[in-house]
1. Quickly work out the Asp127-to-Met1 label distance, labels modelled 7 Å from Cα along the C-beta direction, and quote it in nm with one decimal.
2. For Met354, put the label point 7 Å out on the Cα→Cβ axis and report which residues of segment 208-230 keep their amide N under 19 Å from it.
3. Just want to confirm a number: the relative contact order over segment 162-306, from Cα pairs under 8 angstrom separated by 6+ residues, in percent.
4. Mind jotting down the distance between the C-alpha centroids of segment 288-367 and segment 1-30, whole Å?
5. In whole Hz, what ³J(HN,Hα) sequence does segment 243-257 give by Karplus (6.51, -1.76, 1.60; θ = phi - 60°), x for Gly and Pro?
6. Using the count of nearby Cβ atoms within 10 Å as a rough guide to exposure, how do Cys40, Cys307 rank from fewest to most?
7. Label segment 162-306 by shape, choosing from rounded, prolate and oblate, from the square roots a ≥ b ≥ c of the eigenvalues of the Cα gyration tensor; if a/c is under 1.5 it is rounded, and otherwise prolate applies when a/b is larger than b/c, oblate when it is not.
8. Within segment 117-146, what residues put their amide N at less than 19 Å from the label point 7 Å along the Cα-to-Cβ vector of Thr284?
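None of the figures in this text is laboratory data; all of them are computed from the coordinates on show. All of these numbers come straight from a predicted model, not from anything done at the bench. For neighbour counting, all protein chains shown are included, and Cβ atoms are generated from backbone atoms with ideal geometry for every residue, glycine included.
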Amino acid sequence: MPIVAAVMPAPYEPIELREFPEPDIEPGGMLLKTMYSEVCGTDVHLWHGRLAGVPYPIIPGHVSVGTVAKARGPITLADGQQAKEGDRLVFFDVHRTCGRCHACAVTGTPTKCVHRKVYGITDAAADGLFGGWSEAIYLEPGVVAAVLPDKVRAEDYIGGGCGLITAVHAIDRAAIRLADRVLVQGTGAVGLSVVALARLSGASTIIATGAPADRLDLARRMGADLTLDITRTTPDERRDLVMGVTGGRGPDIIIEASGSPKAVEEALTLVRDGGRYVIAGHYTNAGDSTINAHEHINRKHVEIRGCWGSEAGHFIRSIAILEQHAHHVPWRAIGAKVYPLNRLNEALADAEAMRLPKALVNPRLRA
């Protein structure tokens, strides 16, 4: 039977439903029946044409969960288990990382591998079912995958989604120590998970800045002690409030998850002398930030770290985090609304307008 998928033909063009043949399964490959995928900020960027080299038309959806419909094995998964039909499976969206280029083999930065591909982003629809906005997903041989533990609901995993995996990387880059005071800029899917992970990492005070109000409410549920609405406060007001809860010195660590150039400018006026700033939200070029190297960086002895994408280890650790903590951290609530395949234009519009932290895709759902 043909498989129905939602296709993004080109930037700003309406999403279309198209039929695809069931793929031939290579040795070591699997076909997943999709349970959930997501509509995240990256998908909005794709729709706006802001990512270079995207081979439109594509099947979006780079983080998904599904059940194994067919497997040509034996296939040993990253968690050591053998894949079998019916398993609830999750997989790392980055594939074909070579392990041999300068980034992989010399500098240890596989997120910059020149050969890497990403499900839902870098594979054309003509190449096959390489995106989660589809009734089925083809996992080619070598894709890093794992069985979703029984304690973790599919809604927990996809609620965290790519935001949680990216947040694990950002927390690593931040190197939070016990009792650190942390400011998180942005309350989208990445920022919300950063808040939760900062709390689990032992931060004593967590401040979240963002908007709108419902996201700030969720940030408090995720573990923030203080939330500041950037649409209702001025930079000076925010500075006074931040300094008031950090002993007048500023946060030890600030993690940017907003994608705003203004956030970078503001953070460097807030972080304490000798503090650390991690920039994780600038996945596309949002414009320039005005920074004075003397005043904002050198005089303050500030360390600035970039955080690009994520690695397979962050994916595997995110599963373990969910298994241990999803019963009390509301990752599920980030996936605020579920859409069928024939309503993904509406889902994109809702995500673009920030009417919800994240939209979910359920190909089995009928409108």
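1. Simple spin-label model gives 2.8 nm for this pair.
2. Of the residues in segment 208-230, 208-222, 224, 226-230 have backbone N under 19 Å from the label point off Met354.
3. Once normalised by length, the contact order is 22 percent.
4. With segment 1-30 and segment 288-367 each reduced to a Cα centre, they are spaced 24 Å.
5. 5, x, 9, 10, x, x, 9, x, x, 5, 9, 10, 10, 8, 9
6. The order, fewest Cβ neighbours first, is Cys307, Cys40.
7. Rounded is the answer for segment 162-306, as its axis ratio a/c remains below 1.5.
8. 118-125, 132-133, by backbone N distance to the label point.
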